[in-house]
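Participant: I am attaching a structure below and will ask some questions about it afterwards.
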Amino acid sequence: MTTRQWTLNGTHRVPYWVYTDQGIYDREQKEVFPRSWNYVGLEPEIPNPGDFKRTHVGETSVIVVRGKEGEIHVLKNQCAHRGLEVCRQDYGTTRAFQCPYHQWTYRLDGDLTGVPFIKGVGGHGGMPDDFERKDHGLTKLKVATRHGAIFATEADEIEPLEDYLGEKMLKLFDRVFNGKPLRIVGVSRQRIPANWKLMFENIKDPYHASLLHVFLVTFGLFRADNPSRTEMDKTGRHSALVSQRSANPLAANAATQEMASFKEKLELHDKRLLDIVKEFPDPATVVMQTIWPNLIVQQQANTLATRQIVPAGPDAFDLNWTFFGYADDDEAMQTRRLRHANLMGPAGFVSLDDSEVMDLAQRGIHVDAERAAVVEMGGRGSEDHDHIVTETAIRAFYGYYREVMGL
Amino acid sequence: MLEIQALYTRYADLIDEGPIAEWPTLFTENAVYKIVTRENLARGWALALMSCDSRAAIEDRAYAVEHLSMTIPRRYRHLISGFAVTQQGTNAWHVTANFAVFETIEGQPTVAFAAGRYKDVIVREDGTLRFQEKITITDAASIKNSLVFPL
């Protein structure tokens with residue numbers, strides 16, 4: 001167990017060892033992920049009974065599978081016999097999960113059904129008389145779904161998902177997950193060489209977006225002078241950035257003056273990349289929501305995606321993107337979502353800057369892990385702001401993080 | 001075949017050695033350029049890591065790589081082999097080939113970055129071979145951090 005102590009008052013300074021210390025990382029695997037509702041996928045990824053996907057809750061490998069009656073199970077990917085991963089594919093369809101080693105076989109709900117030689121062979125061997133198959137199933141996680149999104153937890157006692165999100169965040173969540181059947185556009189995955197928390201902080205920090213992302217700013221998709229707000233749930237663990245696109249995106253003004261790389265004259269050769277169609281009732285054109293401990297819900301232009309964060313040691317995480325639309329999207333909207341997807345993902349016109357910056361951040365943090373980040377844009381508190389020139393959501397996040405981690 | 005191979009050599013050179021601004025000249029005006037993962041292809045999902053359906057969009061991608069994106073300095077090195085013409089029409093060839101791309105980030109050793117298969121359609125236009133369709137299929141579902149340049 002780590003002996004690290006957060007000695008600074010407040011969360012406007014974040015000690016760099018939270019990103020590098022193995023003891024802190026190990027504690028996160030116990031205190032953060034197993035005790036929270038973790039996003040594990042979207043229902044249309046596994047539309048039919050027997051469809052499964054392999055994913056993670058924290059570092060833990062799990063199988064998300066649709067059962068015979070259409071219900072969803074989330075099972076730890078670990079044979080009850082000798083601990084092997086019973087699922088060896090990222091996705092597929094099956095009638096049962098069978099461990100290759102001794103062929104112990106599990107139903108879609110995780111119950112153990114088959115144990116070869118359970119009664120021995122020719123009077124030899126066999127399992128002890130008191131061996132009960134029902135005692136040796138795959139470990140089952142608790143599952144909750146909300147309008148097509150699937151969550152799982154190892155916690156025995158946890159509030160319902162809706163209460164966990166809280167009223168304010170649930171409303172924004174339901175804005176995209178509005179009950180209409182979803183259509184998967186596709187998935188992309190990247191291994192980012194940075195601590196998992198930096199991904200959350202990246203989305204919780206709209207200050208950077210109006211400076212780093214030349215593409216966003218130049219085309220007015222996200223700018224410091226756009227009408228915007230930054231808000232949190234009452235615990236501070238979830239947050240959302242809500243913003244509205246500039247009416248006159250290409251004009252230079254005070255907000256772009258300090259941005260060294262703003263390119264006023266820039267025009268796209270193929271303007272269809274940004275042929276944005278309004279599809280939500282409110283005027284917001286960007287909503288980026290972070291849901292503790294592993295989910296980002298993104299709406300930017302007509303690209304909708306979930307980003308699942310899977311930690312892989314203090315210095316790396318996998319980012320799994322699932323781009324989606326709605327089952328009733330017409331052909332024009334399907335094409336538009338594919339075009340707009342160029343903004344996001346491992347090669348995204350926008351998100352490419354972020355994966356590069358996170359790489360640099362992790363390297364830089366290692367220069368001297370005893371120093372601390374200065375997180376004071378927009379003050380030192382962690383209240384909601386009606387603008388995006390702020391790091392308030394990062395401060396709120398660390399308020400909750402310190403509580404959970406006992407730091 | 002030699003002429004087709006020369007097109008791929010030029011393609012790789014413009015990405016690996018530059019100038020990338022000239023890379024779009026290898027495509028026809030209404031060309032399709034996509035990088036897709038084997039996973040999405042197998043599942044029938046249309047998502048691409050890069051998706052251009054015009055030379056204009058390809059030009060935007062080339063411009064962004066050079067001028068808009070914040071990237072750590074690096075170089076790609078393409079190895080392309082195993083060419084096969086799978087279908088031949090009048091001044092049109094369906095070509096498959098294997099590719100491997102190595103990445104060298106400044107200050108770090110070279111690593112294998114991506115491998116996969118090209119499934120392309122090449123046409124002769126005003127006497128010059130150009131890509132009408134270039135579909136790059138990566139074997140791995142996961143990208144090592146960022147995909148900066150075209151594959």
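Read the figures in this text as sums done on the coordinates, not as results from a lab. As the structure is a computational prediction, the values presented were derived from the model and not from experiment. All Cβ positions, even for glycine, are placed from backbone atoms using ideal geometry, and neighbour counts span all protein chains on display.
Participant: For chain A, take the longest principal axis of its alpha carbons; what is the angle in degrees between that and the long axis of helix A:392-405, to the nearest 10 within 0 to 90?
Facilitator: 30
Participant: Quick check on my link table: of A:Lys278/B:Lys119; A:Lys197/A:Lys234; A:Lys168/A:Lys204; A:Lys171/A:Lys204; A:Lys168/A:Lys271, which ones sit more than 24 Å apart, alpha carbon to alpha carbon? Spell out each step's value before the answer.
Facilitator: On the way: A:Lys278/B:Lys119 36 Å; A:Lys197/A:Lys234 20 Å; A:Lys168/A:Lys204 16 Å; A:Lys171/A:Lys204 18 Å; A:Lys168/A:Lys271 35 Å.
Listed pairs above 24 Å: A:Lys278/B:Lys119; A:Lys168/A:Lys271.
Participant: Roughly how crowded by other chains is peptide A:270-280, in terms of the mean Cβ count from those chains within 10 Å of each of its Cβ atoms?
Facilitator: Details: counts 10, 3, 4, 6, 0, 0, 0, 0, 0, 0, 0.
Average per residue, whole number: 2.
Participant: Right, something else. Between B:Arg117 and B:Arg74, what length comes free when the chain is fully extended (0.36 nm per residue of separation minus the Cα-Cα distance, one decimal in nm)? Intermediate values should be presented prior to the final figure.
Facilitator: On the way: separation 43, 0.36 × 43 = 15.48 nm, distance 2.27 nm.
13.2 nm is the gain from fully extending B:Arg117 to B:Arg74.
Participant: Under a point spin-label approximation (7 Å from Cα along Cα-to-Cβ), what is the B:Thr9-A:Asn178 distance to one decimal in nm?
Facilitator: Between B:Thr9 and A:Asn178, the simple spin-label model gives 5.6 nm.
Participant: Explain nothing, just the number: relative contact order of chain A, from Cα pairs under 8 Å at least 6 residues apart, as a whole percent. All intermediate terms of the calculation are to be shown ahead of the outcome.
Facilitator: Details: 828 pairs, mean separation 84.9, N = 407.
Relative contact order of chain A: 21 percent.
Participant: Relative contact order of segment B:1-95: what whole-number percent is it, with Cα pairs under 8 angstrom and at least 6 residues apart?
Facilitator: RCO, segment B:1-95: 26 percent.
Participant: Based on the alpha-carbon gyration tensor of segment A:166-405 and its eigenvalue square roots a ≥ b ≥ c, which shape applies: rounded if a/c is under 1.5, prolate if not and a/b is larger than b/c, or oblate? Write down the numbers at each step before the final one.
Facilitator: Values: a/c = 1.40, a/b = 1.22, b/c = 1.14.
Rounded.
Participant: Can you give me the relative contact order of segment A:38-145 as a percent, contacts being Cα pairs under 8 Å and 6 or more apart?
Facilitator: On the way: 203 pairs, mean separation 23.6, N = 108.
For segment A:38-145, the relative contact order is 22 percent.
Participant: Net charge near A:Gly10, counting Lys/Arg +1 and Asp/Glu -1 over other residues with Cβ under 9 Å of its Cβ? Before the final figure, lay out each step's value.
Facilitator: On the way: positive: A:Arg13, A:Arg380, A:Arg395; negative: none.
Net of charged neighbours comes to +3.
Participant: B:Trp45: net charge of surrounding residues, Cβ under 12 Å, Lys/Arg +1, Asp/Glu -1, itself excluded?
Facilitator: Details: positive: A:Arg183, A:Arg337, B:Arg38, B:Arg43; negative: A:Glu45, B:Glu39.
Around B:Trp45, the charge tally is +2.
Participant: Another question about this same structure. What distance in nm separates the simple spin-label points at A:Lys119 and B:Ser81, each placed 7 Å from Cα in the Cβ direction?
Facilitator: Here the modelled spin labels are 5.8 nm apart.
Participant: Which FRET efficiency value, to the nearest 0.05, is calculated for A:Ala312 and A:His208 with the Förster distance at 25 angstrom and r the Cβ-Cβ distance? List each step's numbers first, then the result.
Facilitator: On the way: r = 24 Å, r/R0 = 0.94.
Efficiency for this residue pair is about 0.60.
Participant: By how many degrees, between 0 and 90 and to the nearest 10, does the Cα long axis of helix A:351-365 differ from the longest principal axis of chain A?
Facilitator: For A:351-365 against chain A, the angle is about 80 degrees.
Participant: Check each of the chymotrypsin sites (Phe, Trp or Tyr not before Pro) in segment A:96-145 and keep only those in coil by DSSP with at most 13 other C-beta atoms within 10 angstrom; list them in order. Provide the component values of the computation, followed by the final result.
Facilitator: Values: sites: A:Phe97, A:Tyr101, A:Trp104, A:Tyr106, A:Phe117, A:Phe131; in loops: A:Tyr101, A:Trp104, A:Phe117, A:Phe131.
Those satisfying the criteria are A:Tyr101, A:Phe117, A:Phe131.
Participant: Still on this model: Angle check, please: helix B:2-16 long axis (alpha carbons) against the longest principal axis of chain B (alpha carbons), in degrees 0 to 90, nearest 10.
Facilitator: For B:2-16 against chain B, the angle is about 20 degrees.
Participant: A follow-up question, please. Using a Förster distance of 56 Å, how high is the FRET efficiency between A:Ala332 and A:Gln5, based on the Cβ-Cβ distance and rounded to 0.05? Can you show the working numbers first?
Facilitator: Working: r = 57 Å, r/R0 = 1.01.
Taking R0 as 56 Å, the efficiency between A:Ala332 and A:Gln5 is 0.50.
Participant: Just add up the charged neighbours of A:Ala80: K/R +1, D/E -1, any other residue whose Cβ is under 10 Å from the Cβ of A:Ala80.
Facilitator: Values: positive: A:Lys76, A:Arg82, A:Arg133; negative: A:Asp135.
Neighbourhood net charge equals +2.
Participant: Roughly what would the spin-label model give for A:Asp130 and A:Asp386, points 7 Å off Cα along C-beta, in nm?
Facilitator: For A:Asp130 paired with A:Asp386, the spin-label model returns 6.9 nm.
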